[in-house]
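Before any comments, here is the structure.
The values are calculated or read from the model by the stated rules, or taken from the named source; none is laboratory data. Keep in mind that this is a model prediction, so the values were computed, not measured. Neighbour counts are summed over all protein chains in view; Cβ atoms, including those assigned to glycine, are modelled from backbone coordinates with ideal geometry. In case anyone asks, the SASA skips ligands and DNA or RNA and just uses the protein heavy atoms, side chains included. Shrake-Rupley method; radii C 1.70, N 1.55, O 1.52, S 1.80 Å.
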Amino acid sequence: MKAIVTVIGKDQVGITAAVCSLLAQHSVNILDITQTILSDMFTMIMLVEIGQDSEYNVVREALLTLAGEMNLEIRVQRSDIFDAMHRI
C-alpha cells in the first residue's frame, strides 16, 4: 500500500535520518522524497510503500511518537485518500 508522509518543523540535525531509519525498521520502502528548508522550517514529503494494510497503523503510530520526541508535525495518509482529497 502506498502512503504520503509529510514532515514539518523547525530545522534541526537528524530529521531525515530519524524518519528514514524508523521507516527502514518497519520495512517501509521510500519510493520518492523531496525536502527543503524554508527560512528555518524543515519540510519533507515522501511517497512510501508499506507492506500490508495492517502495518499502516503501526507505522503511523511510530511516526507520531517520533514527531512528539522531535517536536515535529508528521502526517501519514494513504495515497488513495490523498489523491481523492486533491483531485480538482
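Around residue 10, with a cut-off of 13 angstrom between Cβ atoms, what is the net charge of the other residues, counting Lys and Arg +1 and Asp and Glu -1? Around residue 10, the charge tally is -3.
Computed from backbone phi with θ = phi - 60° and the Karplus coefficients 6.51, -1.76 and 1.60, the 3J(HN,Hα) list for segment 17-24 is 4, 5, 5, 5, 5, 4, 4, 4 Hz; x is used for glycine and proline.
Taking 0.36 nm per residue of sequence separation and removing the Cα-Cα distance, the residue 52/residue 33 pair yields an extension gain of 4.8 nm. Rolling a 1.4 Å probe over the protein heavy atoms leaves residue 33 with an accessible area of roughly 70 Å².
The residues of the chain expose, per residue, 62 Å² of accessible area to a 1.4 Å probe.
Each residue was assigned an accessible area with a 1.4 Å probe, and for residue 44 the value is about 0 Å².
A protection proxy built from the mean count of other Cβ atoms within 10 Å ranks the segments 34-40, 58-64, 19-25, most packed first, as 58-64, 19-25, 34-40.
Nonpolar atom fraction for the chain, defined as the carbon and sulfur part of the 1.4 Å probe accessible area, stands at 53 percent.
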